[in-house]
Amino acid sequence: MSLLTNWGYTMTETDQLPDMLTGEEFNTFTANRYSGDVRVSSDIKAASSAIRNYVGWHLYPSAACELNVLMNDRRVTIVGTDLLIQLPAKFVTAVSSVTIGETACENFSFETNGILQIYDVSFQGLKRYTQITVEYTAGVSDSMMDGIKELVAHRVTHAAASSNGITSEAAGGVSVTYNANWVNSARATALPDDNKEVLAPFRLQGVF
């Protein structure tokens, strides 16, 4: 059971990614306001996918992963006698094995932001197409998901309200009218700037 992800690595112990918010959690966030809306489930899935694509990795849950790259991959760089590899993840909690070609490496360290350093590599006999395999665990735990769940709920609520033609709402003596930008960003997959600010700590920043 495994899943080849959109981001160039394999999740080795699952064949699908869970939504970042359950229907029950969404109903709690919205006080059951949209409990009868059949679009909520697909919008939750769409918003979850949009967030993952924006940050550039699966993000949630914490899961076992495997990266296979070649020596000349842009995620790999040589520093003296060491190799640095940018894993396609943040919140890396473990690296269980590293193999270069057919040689298992034991002298390495990693940072939670996904930087893996392999020490004292013998480059003799290695070629540009020599494969490097890294098995690691990465992902945000349930206890850290509150802000992201709220973001997903906001995106889905926004989509539901806009698709119902709502341009203003009133509660008690307070009324709100939504501007054109709000209406135009009504898709569950849209990520306005304030959403991107929330996701900034989770986004991959590129490679060397």
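At-a-glance table
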item	result
Segment 125-152, residues that are among the polar types (S, T, N, Q) and within 22 Å of residue 97 (Cβ to Cβ)	130, 131, 133, 137
Scan of segment 73-88 for residues that are surrounded by 16 or more Cβ atoms within 10 Å (Cβ to Cβ) and not basic (Lys, Arg), ordered by number	73, 76, 83, 85, 86, 87, 88
Among (1) in a loop (DSSP other than H, G, I, E, B); (2) in contact with a Cys (Cβ under 9 Å, 6 or more places away or on another chain) - the single one residue 134 does not satisfy	(1)
Complete set of residues in segment 37-72 that are among the charged types (D, E, K, R) and within 21 Å of the chain's Cα centre (by Cα)	43, 45, 52, 66
Residues that are over 20 Å from residue 2 (Cβ atoms), part of a loop (DSSP other than H, G, I, E, B) and either hydroxyl-bearing (Ser, Thr, Tyr) or open to solvent by 40 Å² or more (accessible area, probe 1.4 Å) (or both), drawn from segment 28-72	30, 31, 32, 33, 34, 35, 36, 38, 39, 72
Filtered residues of segment 135-153 (kept if touching a Phe, Trp or Tyr at 6+ places or on another chain (Cβ under 9 Å) and open to solvent by less than 40 Å² (accessible area, probe 1.4 Å))	136, 138, 139, 140, 145, 148, 149, 152, 153
Check on residue 13, charged (D, E, K, R) and modelled with pLDDT of 95 or more	yes
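The values are calculated or read from the model by the stated rules, or taken from the named source; none is laboratory data. None of the values given here were measured: they were computed from a predicted structure. Cβ sites come from the backbone with ideal geometry, for glycine too, and all protein chains shown count toward neighbours. The area values use the complete protein model at the heavy-atom level, side chains included, leaving out ligands, DNA and RNA. Shrake-Rupley method; radii C 1.70, N 1.55, O 1.52, S 1.80 Å.
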